[in-house]
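What follows is a set of notes on a single structure, which appears directly below.
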Amino acid sequence: MPLLAYTHSGEPLIAPLMTDDEWEQLRVTRNRNAWMPYGKGRAIPKTSCLGTRFFAHPPGQAPEGAKESDLHLYIKAQSLIGARAAGWDALPEQSGTTPDGQDWRADVLCRRSGRPWTVALEAQVQLQGEDAYRQRQERYARSGIRALWLVAHEPAALHHFWLRPDPHLPAFKTMTWKDQDGQPGAYVHIDHLSLSISDFVAGALTGQLRWYENGRHRIILLVLREDQCWHRTCRRRILLAYRAEAPQGRRLEVEVAQAMQGYADAYAKAQAALPDLAESPWASRRDLASRCPHCNREIRYKREDWAGRSATYKLPIGISIPEQESNIGLAPPHTRWHWGPQSRWPHWAPLGGVGPISHQPPEMPPRRGGPRTG
Ligand SMILES: [Zn+2]
């Protein structure tokens, strides 16, 4: 079920990109000027069960293996719409040959206006293993084309790839469904977002999709407690750092966090963003000590967990671990494909910088007996 036909003079007719009027005009014209590629006769405009327009071969002239799922057709059509929305040229169902003579056929082939074809969009509905993905990717690469895969089959077939994605295979889980009226929908999943296929394709072609990798970059959470400076002439709100956390919730002493490369820069950025943040603490016997950001007096406080009693905050900071400590239990969670600017990546903080702070109100009313001024 192709999306593409040609006029007699070779102008492409791309079914999902035609206006309603153009489509209707074509449909009602008896000797219509629309022809199937490769001399397969006059094209018949039709609409699939999922509402996608396509061209059918004349009865009895469909080539072997031309049967295509309605879902595949739908994803292809949405990909075309996305590519055009990004301002790229796009044609469905294009074939080519690598310099060493291997054939490929792209669901949608894209190029910037006036440039060579550089991107293939592949709607993969039929189950395909990782090896086949890689072979096909490699074949495209030999023709100077990069393929972007919408993985609409059972995702478990790419189980290992999802665990360890890599920059050479841009492949994305694509979930499809029909609503109660039989209308199709599909989402591409990336970075905790669910994007429509056309939005995803348009964004991917305009620089929203990017690979990030830095084997030593980790993100930890600095846990801050809200309090009040104890000096009676000050009494201003302060934020005290009392411990850190690995993303899975494992507790780190604040000194462990402080020893990590990037901590000092990140803390300085946090102080610039949070005027109430006290100085990065130091050990004072078994307790911690810091300095009030307002009156500059020393403050001593406990390391114990305040989460239940005071308002606490968690501030993601980006640090770099030494190479020999690559297994200190901090996974490198950002080695993968991301969407949009770094500031919106989930659970993200740049190296030596901070991410969005999250607030946790106290579970119990605050107790007397906070910090003492020194
Ligand atoms: Zn103070």
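Each value in this text was obtained by applying a stated rule to the coordinates, not by laboratory testing. Please read all numbers here as calculations on a predicted model, not as lab measurements. Cβ coordinates were reconstructed from backbone atoms using ideal geometry, including for glycine residues, and neighbour counts include every protein chain displayed.
Which one, L121, L288, L148, has the greatest fluctuation when you compute a Gaussian network model over the chain with C-alpha springs under 10 angstrom? Answer for the Gaussian network model of the chain: L288.
Taking 18 Å as the straight-line reach from the Cα of K40, the aspartates and glutamates in range (excluding those fewer than 8 positions away in the same chain) are E11, E64, E68, E93.
Just to be sure I understand the curve: with the Debye formula and one point per C-alpha of the chain, what is log10 I(q)/I(0) at q = 0.10 Å⁻¹? Summing over Cα pairs of the chain leads to -0.75. Per-residue HN-Hα couplings for segment 173-189, Karplus 6.51 cos²θ - 1.76 cosθ + 1.60 at θ = phi - 60°, whole Hz, x for Gly and Pro? Each residue of segment 173-189 in turn: 5, 10, 9, 10, 7, 10, 7, 5, 8, x, 7, x, x, 7, 10, 9, 9 Hz.
What ranking of H359, H217 emerges when the number of other C-beta atoms within 10 Å of each C-beta is taken as an exposure proxy, fewest first?
Listed from fewest to most nearby Cβ atoms, that is H359, H217.
With both residues required to sit in segment 73-207, DSSP beta bridges show an antiparallel share near 70%. Relative to one another, the C-alpha centroids of segment 117-134 and segment 213-286 are positioned 46 Å apart.
If you run the Gaussian network model on the chain, springs between alpha carbon atoms under 10 Å, then out of E323, E279, E255 the most flexible one is E323. In segment 1-67, the ratio of gyration radius to Kirkwood radius, Rg to Rh, stands at 0.93 when only Cα atoms are counted. May I ask you to list the lysines whose Cα is less than 30 Å away from that of K269, ignoring any residue fewer than eight positions away on the same chain? Output for K269: K302, K314. Note on K178: lysines with a C-alpha under 22 Å away, same-chain residues under 8 apart excluded, are K46, K67, K76. Rounded to two decimals, what ratio of Rg to Rh does segment 217-373 give with C-alpha atoms and a Kirkwood Rh? Value, to two decimals: 0.98. The orientation-averaged projection of the convex hull spanning the C-alpha atoms of segment 73-207 amounts to 8.5 square nanometres. Considering only beta bridges that DSSP places wholly inside segment 130-215, some 75 percent are antiparallel.
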